[in-house]
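Engineer: Just dropping this structure here.
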Amino acid sequence: MKNYFLLLLCCIPFIGKSQSVDPKKSINKINEKFSKVADYKADVAMQFGIPNVKISNINATVLYKNPNKFKMKAKGLFFLPKQNPMQNVMNTLKDTANYQAIYSGKALVNGTNCIIVNIIPIKPMGDLVLGKFWIDDVKNLIVKSEITTKNNGTVATENKFGANAIYALPDEIKINMDVNKFKIPKMLALDINKKKKLDANPNNKKESASITLHFTNYIINQKIEDREFTTD
Amino acid sequence: MNNFGGLLINEFIKTFKKPRTFISFIALTILVLALQYGFYHDGKEIMKFFTQSLEEDFSINGNMLTSNFITYLILQFLIVQMPLLVTLVSGDIISGEAQTGSLRYLLLRPQTRTQIYFAKWIISMFYTLLLLIWLGILALVVSKFIFPNGDLIAAFSDGVHITRAADCNFKFLEAFGIAFLALGLITSFAMMLSAFAENSISPIIIVMSTVIIFTVIGTFELPVFEFLKPFMFTTHMIVWRDLFENPVPASEIITSCMVMFAHIILFFSIGLFHFNKKDITC
């Protein structure tokens, strides 16, 4: 009993420290950084790791205009998660009155000390169920995030920052998500005479997919016309 | 050589004077245009059905109903039909003459039987090439006027493989090359049978029956038939599809091309040997 009491006494300084982290303050600092971005345009190279989809890399142009205009243009097919984390993360955090932010510890992500903040909606925020953010509290950047929605499950992102960290704009985003097994309609596969390859996932369990986006040539706050979001 | 040239011209005129030679071109035109019309009308619905499972998790950006996709589908749908169209000419080229009695007069010419057989084979292969070029024009060129250019999304049993638009033209060129080898095999097979037969119907029926039987056996996923698949030429005839796999299984494609080439030599040799020995009674 004495030992438990001692252990509890030892933990008191840490409890005090955890309470000293104000998650909303950290989020506000990030929002403040991003609010400096009225619009941006950048080149993006996309790499795909989607189960049962063999697709080569593609280059695209990404356009953003505050508050919520977003477009990716490419000469070819590309896949993005249904809930686009590039748009979702900042939109989710924008209005701090919409959610409860809860500090839930610290973690080391890719060599960066981060605080973990959970976001729980208190007002309707689309189909958001939970948001979890790993925030570099020194540089005020979101290093990692997990956004869980009712319809599209959980989409995780890992961000790497470079010269545009002052605007909270990443140089690389790696999107990870669990996807349903892709079923090919037999009528269209028409694999006549082909020996069927062994199914690596016979139980139709969810498989993990990833999409990596490398951003270069950011052009920030150079006034992008609205029509650029409607034309291909 | 001049004699052989004359023989070639003679065979060319005989083949292209027959109305039945153009049946294949008309049939192919109707088939391809019907498919293009169908996809122009209902293509978006079909694509939805195709990507339904993917769209549960992803938003797919870009046009999927492209001219390259339509060309690929047309080629895929015509796997079974093309051999029939090719056989209409090559299956008739010797037996047709045997049936009408003109073969006897042909063999009275100073050219050797080998030269005559070779000239007929060249004309049959030329007809096959023309048919493929016509298919290429209809499928690839006409589709480009109807559908937008873009990436090709091809379905295989292990998933979808996407070929970028910039790579498609060269891949289609290669695909048509392999298809020529495949149809050349059918041409040689039909001509070999034509050397054996005394009427035109038998070679056509035998070729089509063989293609249908091999294709049906090939679609069975029963282990008992697995060992047979490498020995059936239909297994190798559709290897052009593998060009659209990512990465391209080059060794499989080369092996299949060699198998098809070996078949062509085998069928040609058997046909020629029999034609040289054949007792012409009609």
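The values are calculated or read from the model by the stated rules, or taken from the named source; none is laboratory data. Worth saying up front: this structure is predicted, and the values here are computed from it rather than measured. FYI the Cβ positions are ideal-geometry reconstructions off the backbone, even for glycines, and counts take in every protein chain you see. Please note that ligands, DNA and RNA were not included when accessible areas were found on the heavy atoms of the full protein model with its side chains. Shrake-Rupley method; radii C 1.70, N 1.55, O 1.52, S 1.80 Å.
Engineer: Along the charge dipole of the stretch A:18-225, pointing to its positive end and built from +1/-1 on Cβ of Lys, Arg, Asp and Glu, which listed residue (A:VAL53, A:ILE224, A:ASN31) has its Cα farthest out?
Structural biologist: A:VAL53
Engineer: As an exercise, use a Förster radius of 60 Å and the Cβ-Cβ distance of B:ILE212 and A:SER104 to find the FRET efficiency, rounded to the nearest 0.05. List each step's numbers first, then the result.
Structural biologist: Working: r = 66 Å, r/R0 = 1.09.
Step by step, r from the Cβ atoms, then E = 0.35.
Engineer: Could you work out the relative contact order of chain B, using alpha carbon pairs under 8 angstrom and six or more residues apart, expressed as a whole percent?
Structural biologist: 26
Engineer: Please check: in the Gaussian network model of chain B (C-alpha springs, under 10 Å), which one of B:VAL207, B:VAL142, B:VAL248 has the largest mean-square fluctuation.
Structural biologist: Maximum among the listed residues: B:VAL248.
Engineer: What is the magnitude of the charge dipole of chain B about its Cα centre, with +1 placed on the Cβ of each Lys and Arg, -1 on the Cβ of each Asp and Glu, and no other charges, expressed in debye to the nearest 20? Don't skip to the answer; put the middle values down first.
Structural biologist: On the way: 17 positive and 19 negative charges, 301 e Å.
I would put it at about 1440 debye.
Engineer: Around B:PHE156, which amide H atoms from residues at least 5 apart in sequence, or from another chain, sit under 5 Å from its own amide H, with H modelled in the peptide plane?
Structural biologist: B:HIS161
Engineer: Relative to the first principal axis of the alpha-carbon coordinates of chain B, what is the inclination of helix B:250-277, with its axis defined by its Cα atoms, in degrees from 0 to 90 and to the nearest 10?
Structural biologist: 20
Engineer: Between A:THR96 and A:ASN113, what is 0.36 nm times their sequence separation minus the Cα-Cα distance? Round to one decimal in nm.
Structural biologist: Details: separation 17, 0.36 × 17 = 6.12 nm, distance 2.34 nm.
Fully extending the segment from A:THR96 to A:ASN113 adds 3.8 nm.
Engineer: Kindly list the residues of the stretch B:133-163 that lie in the label zone of B:LEU33, defined by a backbone N under 17 Å from the point 7 Å along the Cα-to-C-beta vector.
Structural biologist: B:134-147
Engineer: Can you give the angle from 0 to 90° between the axis of helix B:81-90 and the longest principal axis of chain B, with both taken from C-alpha atoms, to the nearest 10?
Structural biologist: 20
Engineer: Label points 7 Å out from Cα along the Cβ direction at A:ASN180 and B:GLU221: separation in nm?
Structural biologist: Placing both labels 7 Å beyond Cα along the Cβ direction yields 2.0 nm.
Engineer: Follow-up question, since we're still on this one. Taking one equal scatterer on every alpha-carbon of the stretch B:2-277, how large is log10 of I(q)/I(0) by Debye at q = 0.07, 0.11, 0.12, 0.15 1/Å?
Structural biologist: -0.29, -0.69, -0.80, -1.14
Engineer: Turning to a different aspect of this structure: Once phi is turned into ³J(HN,Hα) by the Karplus curve 6.51 cos²θ - 1.76 cosθ + 1.60 with θ = phi - 60°, what whole-Hz value does each residue of the stretch A:44-61 show in order, with x for glycine and proline?
Structural biologist: 9, 9, 10, 10, 10, x, 10, x, 6, 10, 9, 9, 7, 5, 9, 9, 9, 10
Engineer: Right, another one. Would you mind checking the radius of gyration and Dmax of the protein assembly as shown based on alpha-carbon positions, in Å?
Structural biologist: 32.4, 119
Engineer: Please go through the residue pairs A:LYS82/A:LYS106; B:LYS229/B:LYS277; A:LYS29/A:LYS65; A:LYS75/A:LYS181; A:LYS73/A:LYS132; A:LYS54/A:LYS183 and name each one whose alpha carbons sit more than 22 Å apart in this structure.
Structural biologist: Details: A:LYS82/A:LYS106 30 Å; B:LYS229/B:LYS277 33 Å; A:LYS29/A:LYS65 20 Å; A:LYS75/A:LYS181 27 Å; A:LYS73/A:LYS132 29 Å; A:LYS54/A:LYS183 14 Å.
The answer is A:LYS82/A:LYS106; B:LYS229/B:LYS277; A:LYS75/A:LYS181; A:LYS73/A:LYS132.
Engineer: Within the protein assembly as shown, what whole-number % of the accessible surface is contributed by carbon and sulfur, with the 1.4 Å probe and all protein chains included in the calculation?
Structural biologist: 62
Engineer: Positive end of the charge dipole of chain B (Lys, Arg +1 and Asp, Glu -1 on Cβ, about the Cα centre): tell me which of B:PHE172, B:VAL211, B:MET47 has its Cα farthest that way.
Structural biologist: B:VAL211
Engineer: OK, next. Name the residue farthest towards the positive end of the dipole of the stretch A:18-225 from the options A:VAL155, A:ALA42, A:PHE78, assuming +1 on Cβ of Lys and Arg, -1 on Cβ of Asp and Glu, about the Cα centre.
Structural biologist: A:PHE78
Engineer: What's the buried accessible area, both sides, between A and B using a 1.4 Å probe, rounded to 100 Å²?
Structural biologist: On the way: alone 14810 and 14450 Å², together 25390 Å².
The buried area between A and B, both sides summed, comes to about 3900 Å².
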